[in-house]
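Have a look at the structure below, then the notes.
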Number of protein chains: 2
Amino acid sequence: MSLEEKTEMSRLYKLAQKFNCFYLTGLKSTECKPFFVEGYQVGLVRPDVMKQLIRYPEVFLVSSGCVELNPAFRDYEERSGHVERVLKELRAENVFIALKGWRDECYEVKTDFTSKSLLKMDRAATCLFGIRNYGVDINGYVRHPVLGLCLWFQKRSSTKQTWPGKWDNMVGGGLSVGHGILETAHKEAMEEASVPVELLKNLISAGCVSFFFESDRGLFPNTEFIFDLELPVDFVPVNADGEVETFELLTANQCLEKILTADFKTTSAPVALDFLIRHGIVTPENDNDYLKVVELLHVPLQSIYSTYLRSMHIKENGTSVHHSNIV
Amino acid sequence: MSLEEKTEMSRLYKLAQKFNCFYLTGLKSTECKPFFVEGYQVGLVRPDVMKQLIRYPEVFLVSSGCVELNPAFRDYEERSGHVERVLKELRAENVFIALKGWRDECYEVKTDFTSKSLLKMDRAATCLFGIRNYGVDINGYVRHPVLGLCLWFQKRSSTKQTWPGKWDNMVGGGLSVGHGILETAHKEAMEEASVPVELLKNLISAGCVSFFFESDRGLFPNTEFIFDLELPVDFVPVNADGEVETFELLTANQCLEKILTADFKTTSAPVALDFLIRHGIVTPENDNDYLKVVELLHVPLQSIYSTYLRSMHIKENGTSVHHSNIV
């Protein structure tokens with residue numbers, strides 16, 4: 001009915017709809033319930049997860065309006081310990097695909113990137129609670145004398161727990177407990193692609209992308225910190241940690257075609273797409289949905305959870321009061 | 001009360017709040033009413049404007065829920081003509097500051113950047129209706145052998161109708177009726193800074209910023225298409241159209257300080273800030289509110305009006321039906 005629906009959507013807009021499939025449903029607000037820790041919303045829980053959590057009333061208070069971590073837990077350690085115990089039980093019961101990928105590596109659970117962490121949780125489990133997670137990605141690029149602007153892509157090892165065998169950005173990794181952004185970028189660049197320290201001096205912070213993806217594993221409100229790294233024409237990345245099958249140098253236009261295929265890891269496409277936009281490959285003149293695409297690379301995850309909190313949940317004298325307008 | 005309020009806001013976050021002062025009020029949805037043309041929301045109208053429009057019932061249908069351009073007008077020309085007549089009367093009466101800056105240069109009024117234009121309106125008047133507007137900005141930069149990354153800023157002429165005497169990006173201009181994005185970039189680069197054609201070949205499309213500003217003149221849901229232009233160290237911009245008082249080359253850090261001052265045009269700051277983020281000057285390591293700042297450079301203007309439309313307004317058999325849930 002609307003004017004814009006009269007013209008066909010661009011291929012890039014369709015891609016942006018894919019990696020924002022959850023955002024564009026309006027966060028399925030009738031099905032998914034906010035997850036509160038210490039009065040702060042830190043996530044969203046799907047009905048399939050809620051059904052399991054209800055079996056642990058000493059840890060999770062599940063009401064019709066929301067899920068709350070037991071406010072009697074006193075601190076970070078206590079909250080982390082109780083949640084880990086439940087998750088390990090659910091993992092042993094083989095209830096969730098996501099938990100098959102248990103990593104023994106934790107993400108912090110917090111309201112905001114810079115705020116105090118409320119608990120830690122295995123990174124395989126955060127998608128069950130829709131916990132915001134943060135990663136670091138490096139666009140390794142070359143200004144090739146013949147081919148022009150080129151990017152190195154990696155093919156993920158076929159034994160990886162997530163997205164095995166898919167094409168991906170040259171270097172990427174999650175920000176896990178105890179590691180900083182730049183530190184993670186350096187560590188991953190060395191482990192995944194053997195980038196020597198002297199080249200890492202050329203790493204340029206170049207922004208971030210935020211999107212909200214959903215898969216059968218769970219909910220992914222992801223923010224990626226992006227770095228660009230110009231590489232010498234003769235540099236060839238070599239994997240050092242067994243997580244990459246191969247690397248390939250592609251021209252900017254080949255990259256664009258590659259990220260549009262199902263062979264590319266959906267949740268890594270925003271980073272490459274942002275690079276192609278910042279470097280003049282995707283422009284308002286060659287993509288009809290340019291503005292919508294740029295918007296979908298920066299969805300407001302910063303405010304998505306805090307809005308719920310402010311309007312729907314007030315903590316008074318240590319007692320949680322759930323307003324009736326929680327859907 | 002929230003965790004994040006315990007830490008002080010960064011200076012850049014405060015700046016982002018300034019250029020998004022209207023977005024962050026939640027679009028003042030109790031005061032401002034949606035403006036519909038042909039059943040599509042294309043703007044928002046403040047109470048002071050509504051009070052005047054009510055005097056022209058043959059042109060504007062003002063109800064408690066919204067303002068609608070008379071749906072009896074048959075086409076682009078008819079709609080543009082009727083609106084222009086009213087605006088010229090209001091201008092003669094000196095009712096609005098905004099109309100003092102009448103430009104005899106029009107912006108297109110449409111639901112979406114790529115959709116068909118519904119009417120045109122003088123660019124001085126679009127802020128009275130909260131019409132989305134689009135501009136083009138060029139970051140003219142130099143990789144200086146001694147000073148490092150530098151940017152050219154212009155000081156606007158003291159006789160300009162808007163933001164006289166303020167500092168601004170090297171080149172910028174509105175996208176007016178009949179002109180394309182790249183065409184406008186070229187035209188403004190030549191008029192404002194005498195950039196020679198051979199240098200314009202190096203213009204790189206680098207993304208866009210979207211924000212929603214309000215001033216005493218009106219409402220500004222702005223989207224700027226951004227270009228980066230690397231300039232030779234010995235190039236000096238020279239104004240050719242009388243709209244610039246002077247140009248100055250600043251180091252990246254001096255630029256950062258400058259955009260934080262009241263001497264810089266508030267609605268141009270997003271473009272320079274985005275440049276400083278993309279080029280590694282502002283990073284997640286040196287700005288505590290980095291993610292919030294990047295989010296506020298890309299607020300969802302693409303969906304802001306269409307959401308209203310879909311949920312609140314349905315056109316049936318040529319008759320407008322206003323749902324009772326219009327606030």
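The values are calculated or read from the model by the stated rules, or taken from the named source; none is laboratory data. Computed from a predicted structure; not experimentally measured. All Cβ positions, glycine included, derive from the backbone under ideal geometry; neighbour counts span all protein chains shown.
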field: Some residue of the stretch B:221-232 being surrounded by 22 or more Cβ atoms within 10 Å (Cβ to Cβ), part of a loop (DSSP other than H, G, I, E, B) and out of contact with any strand residue (DSSP E or B) (no Cβ under 6 Å at 6 or more places or on another chain)
entry: no
- prompt: For the stretch B:119-133, which residues satisfy the criterion of being within 14 Å of chain A (Cβ to nearest Cβ) and surrounded by 22 or more Cβ atoms within 10 Å (Cβ to Cβ)?
  reply: B:L119, B:R132
message: Can you pull out every residue in the stretch B:6-27 that is in a loop (DSSP other than H, G, I, E, B) and touching an Asp or Glu at 6+ places or on another chain (Cβ under 8 Å)?
response: B:M9, B:S10, B:C21, B:F22
Selection from the stretch A:189-244 of residues that are over 13 Å from A:P270 (Cα atoms), touching a helix residue (DSSP H, G or I) at 6+ places or on another chain (Cβ under 9 Å) and of a type in the set (G, A, S): A:A189, A:S205, A:A206, A:S215, A:G218, A:A240
statement: Counted residues in the stretch A:226-238 being touching an Asp or Glu at 6+ places or on another chain (Cβ under 6 Å) and closer than 12 Å to A:S194 by Cα come to 0
Among (1) away from every other protein chain (no Cβ under 14 Å); (2) over 23 Å from B:G174 (Cα atoms); (3) surrounded by 17 or more Cβ atoms within 10 Å (Cβ to Cβ), the one test that B:P57 misses: (3)
task: Filter the stretch A:233-273 down to the residues that are assigned to a strand (DSSP E or B) and in contact with a Cys (Cβ under 8 Å, 6 or more places away or on another chain), then identify the one that is nearest to A:A185 (Cα to Cα).
output: A:L249
- prompt: Taking the stretch B:274-293 on its own, how many of its residues are closer than 17 Å to A:A185 by Cβ, assigned to a helix (DSSP H, G or I) and among the β-branched types (V, I, T)?
  reply: 1
- request: For the stretch B:179-213, enumerate the residues that are of a type in the set (G, A, S) and within 12 Å of chain A (Cβ to nearest Cβ).
  value: B:G180, B:A185, B:S205, B:A206, B:G207, B:S210
Some residue of the stretch B:36-52 being among the aliphatic types (A, V, I, L, M), more than 22 Å from B:E295 (Cα to Cα) and within 14 Å of chain A (Cβ to nearest Cβ): yes
field: strands (runs of 3 or more DSSP E) completely within the stretch B:156-217 that count 3 or more residues being surrounded by 21 or more Cβ atoms within 10 Å (Cβ to Cβ)
entry: B:167-169, B:204-214
message: Name the residue that is nearest to the chain's Cα centre (by Cα), counting only residues in the stretch A:91-123 that are without any contact (Cβ under 8 Å) to a residue 40 or more places away in the chain and farther than 17 Å from A:M50 by Cα.
response: A:D122
- prompt: In the stretch B:187-236, what residues are in contact with a Lys or Arg (Cβ under 6 Å, 6 or more places away or on another chain) and within 25 Å of B:D48 (Cβ to Cβ)?
  reply: B:P221
- line: Of the conditions (1) touching a His at 6+ places or on another chain (Cβ under 9 Å); (2) away from every other protein chain (no Cβ under 14 Å); (3) surrounded by 17 or more Cβ atoms within 10 Å (Cβ to Cβ), the single one that B:N70 does not satisfy is (3)
query: So which of A:S176, A:S157, A:S115 ends up being over 19 Å from A:D228 (Cα atoms) and within 14 Å of chain B (Cβ to nearest Cβ)?
result: A:S115
statement: Every listed condition ((1) assigned to a helix (DSSP H, G or I); (2) at pLDDT 95 or above) holds for B:Y305 save (2)
field: Residue that is at pLDDT below 95, surrounded by fewer than 16 Cβ atoms within 10 Å (Cβ to Cβ) and not hydrophobic (A, V, I, L, M, F, W, C), where the choices are B:E31, B:E78
entry: B:E31
